[in-house]
Amino acid sequence: MGSRAPATGLGRDLAVVAAIATAILLLPLGTQSGAALHAVILTLLATVLGQGWNILGGFGGQFSFGNALFFGVGAYAAAVLQMRLGINAWIALPLAAAAGAAVGALVGALAFRYGLKGSYFALVTLAFAEVFRILANMLPFTGGGVGLMLPLDTRAAAMQFASRVGYLYLIGAFAVAGFLLHVWLRHSRFGAWLVAIRDNEAAAAALGVDAFRVKLAAIVLCGALTATSGLFYVQYLHYIDPNIAFGPAFSVEALLGPIVGGMGTVFGPLVGAIVLHALSESTRNLVADVPGVSLALYGAVLIVMVRYMPGGIMGLLRRR
Amino acid sequence: MTMLKAAGLSIRFGGVAAVDGVSLAVPEGELCALIGPNGAGKTTLFALLSGFLAPQSGAVEFDGRTVTGMKPHAICALGLARTFQIVQPFAAQSVRENIAVGAHLRLRSRRDALAFADEVARRVGLAGELDKPASALTIAGRKRLELARALATRPKLLLLDEVLAGLNPQEIDAVVPVVRAIRDSGVTVLMIEHVMRAVMSLADRVLVLAGGRLIAEGPPAAIAADPRVVEAYLGQGTAARLARSGGAP
């Protein structure tokens, strides 16, 4: 055995991130089709949502069933800051991330202080998302059930773009930031502690790991990153209401991607988002004439995938 | 200097006094064994000493500081590491990654922690298995891994909970020198152990726990001949019967 430090794969991970970033940059050279770019943008949005969930659920083993909470907080922070307070979207970006982080800290402090785990933690996140959905319906500055319509202002200075390429690069930048966060988790002390807590919290505590603080930091990161996906949603689609923001759809989308792609892996959220979007498109095309059948087929394929690929697609690749 | 001191430690679970007024002191550099029949409260005592349980009364002092009521991770950071009787590996991670979690307590850099894991693995005889997943180790390998992870936190005091249990005689003979080398490197050791052959050859001093109380302490040879200890294991009156029948206990 040599004295050289063992290879950790850091260089390889960074190379893959660079390749993904390059592919996103060069994509408009290949296609200018609005529909194609839209599909890629939605896939990258799902990737960022999945990345946020993966930090806490995949690396930390704390399964959130209410990540729409952070998505919605980011979306509403973006809309309210711009529309009610006249704050520029680029300044709203860090503020929305901070709002997501703060809500993450609140939920984490309550849930982890009292040692909630497993399904109890999942239920608490679900309950918080529901509470925020009701609040968004009631509070005056959120526009209530009508929602908020972000006025059109297609200048890059307002983080709005006339072409989809601008949005592609924006969500691409968020996704790359999410990948770099994942690479850091994979190759840092914090990430090692987080994974140790996931695998055996008592053993981690016996090795000096402060499980409460590490989990709290993880949910703060999860909240901040997920909030940026909410902000992007508002910038791109110009509309948010309580059911979209805090409803179950984005909570489910956030966890499905990483579970299908590979929990706790750096690229699982991307792989999962691509596969799920391709799957939902193809089932929709396959049985376009009977409404509802495509969803049933989508669900059936999902069940088969989760049953036979517990490690997700990344887990399957690694075993081969 | 006293490395570990407990005064009047007690905890009850319902009506059972699992640990009942235990006071003990382990001087720096000693290898001390804690023995006792099943259900004596040995593992509960370890949990009290390492912060996994808070005592209902009594105090724990480690390296000159009162640590009663502190969280396990904070006590570990002060230099008291424990292993678990039922091994608790991070099963999905490699042996190297498992040990690195312990190493990270003192080393921020991932690279340094992984390199230190290699070094610790050599000390406990796991150098050949660094890249294996922890779940692929034999029971003997997992016991070594428990030891390695705790050792990687660079403790001043190690609490070893039956690191030899479940091993065959050859495996025991292989691990005993590892434990001795740890003590010789300056780490104070308090070990729960049932394998008397190992206790006799390793321990400077033996503490005997029965029914939640310390009933005897002394050098291994004296403890093995102590009628109170024999009775704790074999039942009341056994020592006298053995003496009458002329057999040494």
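Report the calculated FRET efficiency for B:HIS194 and B:ARG108 (r = Cβ-Cβ distance, R0 = 30 Å), to the nearest 0.05. According to the calculation, E is roughly 0.15.
Nearest 20 debye, what's the magnitude of the dipole of the range A:37-251 about its Cα centre given +1 on Lys and Arg Cβ and -1 on Asp and Glu Cβ? Write out the running numbers ahead of the final one.
Working: 11 positive and 6 negative charges, 45 e Å.
In debye, rounded to 20, the range A:37-251 gives about 220.
For a Förster distance of 41 Å, can you work out the FRET efficiency between the beta-carbons of B:GLU119 and B:ASP204, rounded to the nearest 0.05? Each step should come with its number before you reach the end.
On the way: r = 27 Å, r/R0 = 0.65.
Computed FRET efficiency for B:GLU119 and B:ASP204: 0.95.
Placing +1 on the Cβ of every Lys and Arg and -1 on the Cβ of every Asp and Glu, with nothing else charged, gives chain B a dipole about its Cα centre of roughly 340 debye.
Assigning unit charges at the beta carbon (Lys, Arg +1; Asp, Glu -1) and nothing else, what dipole magnitude in debye, to the nearest 20, does the protein assembly as shown show about its Cα centre? Mind showing how you got there, number by number?
On the way: 46 positive and 32 negative charges, 91 e Å.
Value, rounded to 20: 440 debye.
Sort A:VAL16, A:VAL220 so that the residue with the fewest other Cβ atoms within 10 Å of its own Cβ comes first and the one with the most comes last.
Numbers: A:VAL16 16, A:VAL220 23.
Ranked by crowding around the Cβ, least crowded first: A:VAL16, A:VAL220.
Taking 7 Å steps out from each Cα toward its Cβ at A:SER282 and A:TYR120 produces label points 4.2 nm apart. Note on A:ALA177 and A:ALA202: their simple-model spin labels are 4.1 nm apart, each label 7 Å out from Cα toward Cβ. Sorted largest first, the spans of the alpha carbon positions of the protein assembly as shown along the three principal axes are 99, 52, 46 Å. Solvent-free Debye calculation, one equal scatterer per alpha-carbon of chain A: log10 I(q)/I(0) at 0.10, 0.13, 0.14 Å⁻¹ equals -0.57, -0.98, -1.13. Using a simple spin-label model with pseudo-atoms 7 Å out from Cα toward Cβ, A:MET149 and B:ARG228 lie 8.7 nm apart.
State whether the range A:240-305 is rounded, prolate or oblate according to the following rule on the C-alpha gyration tensor (a ≥ b ≥ c being the square roots of its eigenvalues): a/c under 1.5 gives rounded; otherwise a/b larger than b/c gives prolate, and the remaining case gives oblate. Verdict is oblate for the range A:240-305.
For chain B, which DSSP H helices look membrane-span-like by this rule: Cα extent along the axis of 30 Å or more and mean Kyte-Doolittle of at least 0.0?
Numbers: long enough: none.
Going by DSSP H runs, there are no hits.
Candidates A:ILE87, A:VAL73, A:VAL176 compared by Cα position along the dipole of the range A:37-251: farthest toward the positive end lies A:VAL176, with charges placed on Cβ. Counting every other Cβ atom within 10 Å of each residue's Cβ, A:MET149, B:MET1 order from fewest to most as B:MET1, A:MET149.
Taking the helices alone, chain A has a mean residue ellipticity at 222 nm of -24000 deg cm²/dmol, built from -39,500 (n - 2.57) per DSSP H run of at least 4 residues and averaged over all its residues. Across all Cα atoms of the range B:1-78, the radius of gyration (one decimal) and Dmax (whole number) stand at 12.2, 37 Å. From least to most packed, judged by other beta carbons within 10 angstrom and beginning with the fewest, A:VAL287, B:VAL22, A:VAL260 follow the order A:VAL287, B:VAL22, A:VAL260.
Remark on B:LEU4: its backbone amide H falls under 5 Å from those of B:VAL26, B:ASP63, a criterion applied only to residues 5 or more positions apart or on other chains, H modelled at 1.01 Å from N. Projecting the Cα positions of B:ILE35, B:VAL206, B:PRO72 onto the charge dipole of chain B (unit charges on Cβ atoms of Lys, Arg, Asp and Glu, taken about the Cα centre) puts B:PRO72 furthest along the positive direction.
FYI, it's all coordinate maths here, none of it is from the lab. This one's a predicted model, so the numbers in the text were calculated from it and none came from an experiment. Counting neighbours? That spans all protein chains shown, and the Cβs are built from the backbone with ideal geometry, glycine included.
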